[in-house]
Amino acid sequence: MTQTIFSGIQPSGTLTIGNYLGAMKQFPELQDEYNSYFCIVDHHAITVPQDRLKLRERTRSLAAMYIACGIDPNKVTLFIQSEVPAHTELAWMLQCVASVGELERMTQFKDKSEGQESVTAGLLTYPPLMAADILLYQTDIVPVGDDQKQHIELTRNLAERFNNRYNDIFNVPDIKIQEVGARIMSLQNPTKKMSKSDDNQKATIYLLDDPKRIEKKIKSAVTDSEGIIEFDKDNKPGISNLLNIYAGFTNKSVDQIVAEYEGKGYGDFKTDLAEIVSNYISDIQQRYHELYESEELDDILDQGQEKANKVASKTLKKAKKAMGI
Ligand code: ADP
Ligand code: NA
């Protein structure tokens, strides 16, 4: 039987090369093999305050970006989370299965709430919503970046707990992580992951950046004073991160790249890397700009909504019955 994949991205900013290498790059390869659901998770984005107009624009922008990165809307279900009400309904039910303690232990919650005077309840209950996203489609595999490991583990726990306590309703999904792009780091602080919601624009390469900007950001990326190109995540996190980015965009192995640059300095390496990244994403950008303006995008999202609603409401119905509501 064909297996199902589900993956979501928040419309919380412009997509980064971290999102691409960690998640999106593999979607076009997977769509032929799997029954695929790709979601724009706007309910997740509002766990922190968002500007209304920007959020709308980013939601549409993300839809266009999925397709520009190679998603074929005829093969997959591409949809907006808030247009499928089963997500929040099941999320509530799963919140009643989850414990506050286990949600407080999530590292993403700890990172995002650290030093904040006040955080939303939604930031705490983000993981059960994510579990609902995944479980509604009886997902087998979740292709995401390394940062989502703990959330997927929780999703598995909630599914198993629900199944044991009530009835065997949910498939228990597995995570799928890219070997090379699993965790792309900030260019300015290579011990922190690159994120589209980082305030420091220099730390992040966006998929919509122009070649000049990309060159500037890569040239000013933090490395070390040794000047030797080798992969050593612990002692040389900066250059190791750039090597990962290079590998992700060329499909060469890190070892091969290191061998090619033997005896060369960071300057040459950075110049080449900037060109590689710019060339690679220029095709994506062109497709993106064509799509963003088109009415076709609205039709695609309408169809996605309809398809997702059908499947999701079926699972929700079973889960409600099992719980007695
Ligand atoms: P962000 O943290 O940039 O806002 P999301 O939370 O919307 O990203 O995640 C979208 C997808 O991109 C997820 O699969 C996530 O694991 C992946 N991802 C996010 N940041 C990175 C990164 N720095 N490296 C690799 N994958 C990442
Ligand atoms: Na995130």
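Straight-line reach from residue 112: which lysines fall under 28 Å, measuring Cα to Cα and dropping same-chain residues less than 8 apart?
Within the straight-line cut-off, residue 112 pairs with 25, 54, 149, 176, 192, 193, 196, 202, 217, 233, 236.
Rounded, prolate or oblate: which fits segment 48-138, taking a ≥ b ≥ c as square roots of the Cα gyration tensor eigenvalues, rounded meaning a/c under 1.5, else prolate when a/b beats b/c?
oblate
Karplus couplings for segment 197-206 from phi (6.51 cos²θ - 1.76 cosθ + 1.60, θ = phi - 60°), rounded to Hz, Gly and Pro as x?
9, 5, 6, 7, 5, 5, 7, 10, 9, 8
Helix 296-323: angle to the longest alpha-carbon principal axis of the chain, degrees 0 to 90, nearest 10?
Taking Cα atoms only, the helix is inclined about 50 degrees.
Which whole-number value in Å² is the accessible area per residue of the chain, probe 1.4 Å?
I get 48 Å² per residue for the chain.
Just how much of residue 213 is accessible, in Å², when a 1.4 Å probe is used and the result is rounded to the nearest 10?
Here the residue's solvent-accessible area equals roughly 130 Å².
Averaging sequence separations of C-alpha pairs under 8 Å and six or more residues apart, then dividing by the length of segment 106-217, give the relative contact order as a whole percent.
This gives 20 percent for segment 106-217.
In the chain, what % of DSSP beta bridges are antiparallel (nearest 5)?
Antiparallel: roughly 20 percent of the beta bridges in the chain.
Could you tell me the center-to-center distance, by alpha carbons, between segment 264-315 and segment 122-168 in angstrom?
Spelled out, the Cα-based centre of one part sits 25 Å from the other.
Non-local amide H neighbours of residue 176 (under 5 Å, H modeled in plane, Pro and chain starts lacking H): which ones?
142, 144
Once neighbouring chains are kept in place and the probe is 1.4 Å, which whole percent of the accessible area of the chain is contributed by carbon and sulfur?
Carbon and sulfur: 45 percent of the exposed surface of the chain.
The values are calculated or read from the model by the stated rules, or taken from the named source; none is laboratory data. These numbers were taken from a predicted model, which means no experiment stands behind them. Accessible surface areas use protein heavy atoms only, side chains included; no ligands, DNA or RNA. Shrake-Rupley method; radii C 1.70, N 1.55, O 1.52, S 1.80 Å.
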